[in-house]
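The values are calculated or read from the model by the stated rules, or taken from the named source; none is laboratory data. Everything numeric here is computed off the predicted structure, so don't read it as measured data. Positions of Cβ are backbone-derived with ideal geometry, glycine not excepted, and every protein chain shown enters the neighbour counts. These accessible areas exclude ligands, DNA and RNA; they are computed on the full protein's heavy atoms, side chains included. Shrake-Rupley method; radii C 1.70, N 1.55, O 1.52, S 1.80 Å.
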Amino acid sequence: GVQLGEDFLQSGLLSVIDVEADECNSGRFVRIVGDDSWDAPGVSKESFRYYAHNGNMAELPLLHFQPFEDATSLGISLKENVTFTQCSWCCRVFPTGMLECEICLEAGSASYYCDERCQSAAWKIHKVTAHAHQST
């Protein structure tokens, strides 16, 4: 399974999660959309539906896991002064691993992409807007 973060859930047009309300198999389901949730009487299975901005939709089963089932406490540590960079195409945010436009970097500006797909998708617009300004 894959654990999805909040940045992924917010990157889509809409994310809908149907989950069983308790662990007793009562058959009562709750629908979660953004920060809202409500009883979902017509739902009979747990699922996650992700609606992308381009009209595509993916439906995935929910997998439950308890990685800290026997733990009595959980500590989380965060690094201080971490810089997050936003993808110039899809607007997702990452602390490391971004691709940079070498032409923009040499010119003293910055355009970052989370992967080759975003960089390729942005290229037609990027070469006209960013690179045209640099040549003037």
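From the square roots a ≥ b ≥ c of the eigenvalues of the alpha-carbon gyration tensor of region 85-131, which class results: rounded (a/c under 1.5), prolate (a/b over b/c), or oblate? Kindly include the intermediate steps, with their values, before the conclusion.
Working: a/c = 1.99, a/b = 1.25, b/c = 1.59.
Verdict is oblate for region 85-131.
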With V33 itself left out, Lys, Arg at +1 and Asp, Glu at -1 over residues whose Cβ is under 11 Å from its Cβ give -1
In region 85-131 the accessible area split gives carbon plus sulfur, as whole percent at 1.4 Å, a share of 56
accessible surface per residue for region 85-131, probe 1.4 Å, DNA/RNA/ligands not counted, whole Å² -> 65
